[in-house]
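Enquirer: I'd like to ask some things about the structure below.
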Amino acid sequence: GVKVGVLALQGDVAEHVAAFREALAERPGSSVMAVRRPADLADLDALAIPGGESTTISRLIEKNGLYEPLVRFEGGIFATCAGMVLTADRVDDPRVRTLGLIPMHVARNAFGRQVDSREAMLEVAGLAEPFRAVFIRAPVATDVGSSVEVLARIPEGIVAVRHGRHMAFAFHPELGGDLRLHRMFLEGLGL
Ligand code: GLN
């Protein structure tokens, strides 16, 4: 079975758990569990880092002794929104200590206050049909390293990337019941 963890410090943890449970429903012996301390990372094939408030999640990562264990985590990471901010190597906010897992620069709240949330039918590389993307006070990547595969962009910037075993999204594939990106992620890990 496939073992997926969801970093459960703050944010839309339950939605990530539900989405991965559904994505793995036909895989006997699979499990999806909450991750709050370093020992919870043992034996996981993958970890979701949810959307929420990246400054808060960053503070709780430090408090729970998870910074180094997350940097050393050998599975794939599926990061959304605040999670995308955390996986970057640079962000425009000194309160967030990024994990540096994906060589990209990220701007928080890139849409401005007036239009802080929106939906878009997004062309995503590797998907045959557009993906209905929900953006909520979303970040964008402004600059990515040459090893980063850009999967989707909008006028404000890059909103979906793959880097080796990791994927990061400025929007929320865990909402809305479309699990094509979860499946793409699991396939990319050979799971
Ligand atoms: N603006 C939030 C942050 O940068 C992310 C919002 C979200 O995850 N929906 O932490």
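Enquirer: For Leu9, indicate whether it is part of a strand (DSSP E or B) and either surrounded by fewer than 14 Cβ atoms within 10 Å (Cβ to Cβ) or within 15 Å of the chain's Cα centre (by Cα) (or both).
Expert: The answer is no for Leu9.
Enquirer: Turning to a different aspect of this structure: Confirm whether Glu74 is exposed (fewer than 15 other Cβ atoms within 10 Å of the Cβ) and closer than 16 Å to His166 by Cβ.
Expert: Criteria met by Glu74.
Enquirer: Continuing with this model, one more query. Specify which of the listed residues (Ala125, Ala133, Ala141) is at negative phi, in a loop (DSSP other than H, G, I, E, B) and either within 14 Å of the ligand (Cβ to nearest atom) or surrounded by fewer than 20 Cβ atoms within 10 Å (Cβ to Cβ) (or both).
Expert: Result of the check over Ala125, Ala133, Ala141: Ala125.
Enquirer: If the requirement is being more than 16 Å from Ala19 (Cβ to Cβ) and at pLDDT below 95, which of these qualifies: Glu149, Glu156, Glu129?
Expert: Glu156
Enquirer: Looking for whichever is away from the ligand (no atom under 16 Å from the Cβ), modelled with pLDDT of 95 or more and of a type outside the set (Lys, Arg) here; the options are Pro38, Pro28. Which one fits?
Expert: Result: Pro38 is the single residue among Pro38, Pro28 that is away from the ligand (no atom under 16 Å from the Cβ), modelled with pLDDT of 95 or more and of a type outside the set (Lys, Arg).
Enquirer: Being surrounded by fewer than 18 Cβ atoms within 10 Å (Cβ to Cβ) and either under 18 Å from Pro155 (Cβ atoms) or not small (Gly, Ala, Ser) (or both) is the filter; apply it to the stretch 83-102 and report the residue that is nearest to the ligand (Cβ to nearest atom).
Expert: Asp93
Enquirer: Regarding the stretch 62-82, can at least one residue be identified that is within 10 Å of the ligand (Cβ to nearest atom) and part of a helix (DSSP H, G or I)?
Expert: Checked the stretch 62-82: at least one residue is within 10 Å of the ligand (Cβ to nearest atom) and part of a helix (DSSP H, G or I).
The values are calculated or read from the model by the stated rules, or taken from the named source; none is laboratory data. As the structure is a computational prediction, the values presented were derived from the model and not from experiment. Heads up, the Cβs are rebuilt from the backbone with ideal geometry, glycines too, and the neighbour counts pull from every protein chain shown.
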